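Undergrad: Pasting in a structure now, in structure tokens, and then I'll have a few things to ask.
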């Protein structure tokens with residue numbers, strides 16, 4: 001099945017800077033097969049989570065260093081706003097910048113049936129600043 005992806009980062013140029021591949025790093029064997037990335041699709045075998053995929057992705061030299069849970073909500077069987085309507089998702093950010101974001105499609109004003117993506121954000125740091133100012 002296609003539920004597991006393993007990989008190893010290679011040399012690349014990022015923002016004008018050359019970055020070596022994993023095998024070019026100091027202390028790494030030229031023929032190393034050590035994985036530096038994993039993508040896993042898993043299922044929980046019970047009635048509540050039947051058919052719901054859980055994805056785990058982690059690796060070295062990814063563009064961001066972040067820990068978060070992203071819940072992608074199912075599309076409706078008959079999408080009113082077309083097949084290209086924005087995806088509804090809930091993002092729970094664990095680190096850094098702890099918080100919650102809800103992203104969903106909202107009908108644009110007017111007679112048409114176009115939806116655009118809108119986001120509602122809560123950042124835990126904002127709550128701390130508010131409490132400190134009122135104290």
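Undergrad: Treat the chain as a sphere of radius equal to its Kirkwood radius over Cα pairs and apply Stokes-Einstein at 37 °C in a medium of 0.692 mPa s; give the translational diffusion coefficient in µm²/s, rounded to a whole number.
TA: D = 171 µm²/s.
Undergrad: A follow-up question, please. Which translational diffusion coefficient, to the nearest whole µm²/s, is obtained for the stretch 64-135 from the Stokes-Einstein equation, given a Kirkwood hydrodynamic radius over C-alpha pairs, 25 °C and 0.890 mPa s?
TA: Reported coefficient: 171 µm²/s.
Undergrad: Take every Cα pair under 8 Å in the chain that's 6+ residues apart, average their separations, divide by the length, and report that relative contact order as a whole percent.
TA: 14 percent
Undergrad: Another question about this same structure. The stretch 1-33 to the stretch 81-108: how many Å between their Cα centroids?
TA: Cα centroid of the stretch 1-33 versus Cα centroid of the stretch 81-108: 31 Å apart.
Undergrad: Mean projection of the alpha-carbon convex hull of the stretch 1-59 over all orientations, in nm²?
TA: 6.1 nm²
Undergrad: Let me ask something additional. Between helix 124-134 and the chain, what is the angle of the helix's C-alpha long axis to the longest principal axis, kept within 0 to 90° and rounded to the nearest 10?
TA: Computed tilt is about 60 degrees.
Every read-out reported here was derived from the displayed coordinates using simple, explicitly stated rules and does not represent laboratory data. The shown structure was predicted, so the numbers you read here are calculated from the model rather than taken from an experiment.
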